[in-house]
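To keep things clear, I will list the structure first and then write my remarks on it.
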Amino acid sequence: MKLELAMNLLIFLCSLFGTVYGLKEFFKKKKALYLKLITCGIMSLMLARLYQVIFIVAHGDLNKGFHIGILGIIGSFMFFFSANFGQMDGLVDDKTKAFRKTRLISLAAPVMILVLYLVFFMKTDNTELRIVWGVVAFFIMQCAYYSFKHIIIYDVDFGIIKSLREYNLLSLIYAFLIMLEAIGLYTEIKPLYIASCIGTGIIAVTLLPVLKGGVEKWTI
């Protein structure tokens, strides 16, 4: 209980910093929707962890099935996915054969997420846990696909994608960290759980400053 509380409190504080930073830097006139969507992703993470902290304090343990915090985790990946798919992907991939190889290679990221889910969650007797994390994994896979794609795809004019590669790398790492955190929690591998939570906290703090630094390199 103390460990789960400490880790969720850590991620909450880190994502709170990220949220405040994003609201200050990106929620201004003439700022791209792309930046606002990613800020909302960090905000969703913050709200998820706030709920989990409150739940642990109130009940003494974290609900290991479905809870409202899960929706916040899903929300963060939906915002990241919407930013890359809805706002950026059309600029870099015209859906022609020229990028077919890149699209195929990009499938490696969601396949790895799927493998983690199948190996660690399908063995459990907890049906609710399998369903909940099956849904979460589905949204993580979508985010991971576009994050990895925008890391490896050939850059377009103006250096738009190149300037966002560091952000997309952090986003991809975040996707894997959330899966590893859940695996560490439910399989009771404490070092894995602690390391993944600390990693998530670091990304929550650094993601938006890295994104800001990348956007400032845009030449348009």
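Residues in region 42-60 that are in contact (Cβ under 8 Å) with a residue 40 or more places away in the chain, part of a helix (DSSP H, G or I) and over 14 Å from the mean Cα position of the chain (by Cα): Q52, V53, I56, V57. Taking the conditions exactly as written (open to solvent by 10 Å² or more (accessible area, probe 1.4 Å), without any contact (Cβ under 8 Å) to a residue 24 or more places away in the chain and over 16 Å from the mean Cα position of the chain (by Cα)), does Y21 satisfy them or not? No, not satisfied.
Exactly one residue out of Y145, Y154 is in a loop (DSSP other than H, G, I, E, B), open to solvent by 30 Å² or more (accessible area, probe 1.4 Å), in contact (Cβ under 8 Å) with a residue 12 or more places away in the chain and more than 21 Å from L208 (Cβ to Cβ), and it is Y154.
When the residues of region 80-98 are filtered to those that are assigned to a helix (DSSP H, G or I) and open to solvent by 70 Å² or more (accessible area, probe 1.4 Å), which remaining residue is modelled with the highest pLDDT? Filtering first and then ranking leaves F85. Within region 26-41, being more than 12 Å from S82 (Cα to Cα), of a type in the set (A, V, I, L, M, F, W, C) and either open to solvent by 10 Å² or more (accessible area, probe 1.4 Å) or part of a loop (DSSP other than H, G, I, E, B) (or both) holds for F27, A32.
The values are calculated or read from the model by the stated rules, or taken from the named source; none is laboratory data. Note that the structure is predicted; figures quoted are calculated from it, not measured. As a convention, Cβ positions derive from the backbone with ideal geometry for all residues, glycine included, and neighbour counts pool all protein chains shown. Ligands, DNA and RNA are excluded from the accessible area calculation, which covers all protein heavy atoms including side chains. Shrake-Rupley method; radii C 1.70, N 1.55, O 1.52, S 1.80 Å.
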